[in-house]
Every structure is written in structure tokens, then in C-alpha cells.
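Structure first, then comments.
The values are calculated or read from the model by the stated rules, or taken from the named source; none is laboratory data. Quantities reported herein were computed from a predicted structural model and do not represent experimental measurements. Don't worry about glycine lacking a Cβ; one is built from the backbone with ideal geometry, like all the others, and counts go over all protein chains shown.
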């Protein structure tokens with residue numbers, strides 16, 4: 001809770017409070033010209049010794065074509081992909097996230113815990129989707145998620161994936 005305009009009390013979500021504390025983060029990547037039938041992958045892992053617990057708020061998948069989206073837990077990295085740097089959502093905060101976020105690479109998939117269809121669209125009626133897994137999904141040290149999006153449209157398309165989360169100190 002914080003005081004808003006004219007002394008009124010404003011209730012904040014835990015995510016909003018974490019952003020105010022410099023502990024809210026985001027990371028995204030855009031994949032261009034993904035062929036029909038091909039997939040893109042993003043890995044989100046909390047490395048051993050990070051000292052933090054990540055709370056995933058949402059995984060946003062935006063597409064201009066029909067796709068399938070699957071989320072897996074407890075994956076194994078075979079070949080690391082390209083590392084992405086998480087962005088602190090408080091632009092004044094020097095706090096950095098220790099989370100390991102990769103795109104591409106090769107993985108042995110763990111347990112599939114979420115599967116959905118992401119609707120497509122056209123230039124007049126562009127439609128994307130927000131695949132949300134809830135604020136209470138905690139990613140403790142040595143745990144990870146992998147998001148795979150498969151282009152099912154019959155044509156090349158662009159796909160973007162965005163993770164939004166807040167962190168707290170472990171222990």
C-alpha cells in the first residue's frame with residue numbers, strides 16, 4: 001500500500017511493489033520469419049547460488065499466425081542458446097537479475113505443464129495471446145522453465161516471447 005493523489009490509499013499488486021523496490025524484471029525476444037512447422041524456444045532458469053526466488057507473473061507470446069505454445073519444467077541444457085539480459089522495470093534501480101534466460105540452443109525437455117493454441121490474425125484484425133501461468137509460479141534455485149512455440153500457420157511468421165517476473169531473496 002502507498003499513498004496516492006490527495007492522500008488516498010492505493011493498493012499495489014506484489015508485482016507493482018517489487019518494481020518499486022527494484023526487483024521487477026522483464027526479458028523478451030523476437031523471432032523473425034519462422035517457417036511453418038518450425039519452433040522457437042526460450043529457456044528461463046534460476047541458477048544454483050543465485051540467492052533469489054523468481055515469481056513468474058506472465059509469459060507473453062505474440063504472433064500474427066496460429067501457433068501452439070508448450071511450457072516445460074525441469075529441463076536439461078544440452079547446448080546453451082544465446083543469453084538475454086533481463087531488464088529491471090525500475091529504470092533507476094542498479095539491481096540486476098541473476099536469472100539465466102536463453103533463446104535457441106538444444107534441450108532435453110522435462111515435464112510439459114502447459115499447452116495452448118495461440119490464435120493468429122491478419123493485418124486488419126491482428127491478434128496475439130498472453131499465455132499466463134500465474135503470479136504464484138515460483139522458480140527456486142536449480143529450477144527452470146522452457147517455452148516452445150510452434151508455427152502452425154502454413155506460412156513464415158514472426159513470433160515474440162516475453163517473460164515478466166519479480167524476485168525475492170531466498171532463505
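Things to note:
- Checked against the criterion of being in a strand (DSSP E or B) and without any contact (Cβ under 8 Å) to a residue 40 or more places away in the chain, region 47-64 has no qualifying residue.
- Of residues in region 138-163 being surrounded by fewer than 21 Cβ atoms within 10 Å (Cβ to Cβ) and under 18 Å from residue 98 (Cβ atoms), the one modelled with the lowest pLDDT: 138
Per-residue answers, yes or no, for (1) loosely packed, with under 13 Cβ neighbours inside 10 Å; (2) within 30 Å of residue 171 (Cβ to Cβ); (3) out of contact with any strand residue (DSSP E or B) (no Cβ under 7 Å at 6 or more places or on another chain):
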{"residue": "36", "(1), (2), (3)": "no, no, no"}
{"residue": "43", "(1), (2), (3)": "no, yes, no"}
{"residue": "48", "(1), (2), (3)": "yes, yes, yes"}
{"residue": "53", "(1), (2), (3)": "no, yes, no"}
{"residue": "58", "(1), (2), (3)": "no, yes, no"}
{"residue": "78", "(1), (2), (3)": "yes, no, no"}
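- For first residues located in region 1-30 and at pLDDT 75 or above, partners that are in a loop (DSSP other than H, G, I, E, B) and loosely packed, with under 14 Cβ neighbours inside 10 Å and lie 6+ apart or on another chain with Cβ distances below 6 Å form the pairs 10/4; 11/1; 22/95.
- Count of residues meeting criterion [under 18 Å from residue 30 (Cβ atoms) and either without any contact (Cβ under 8 Å) to a residue 60 or more places away in the chain or not in a strand (DSSP E or B) (or both)] in region 67-108: 8
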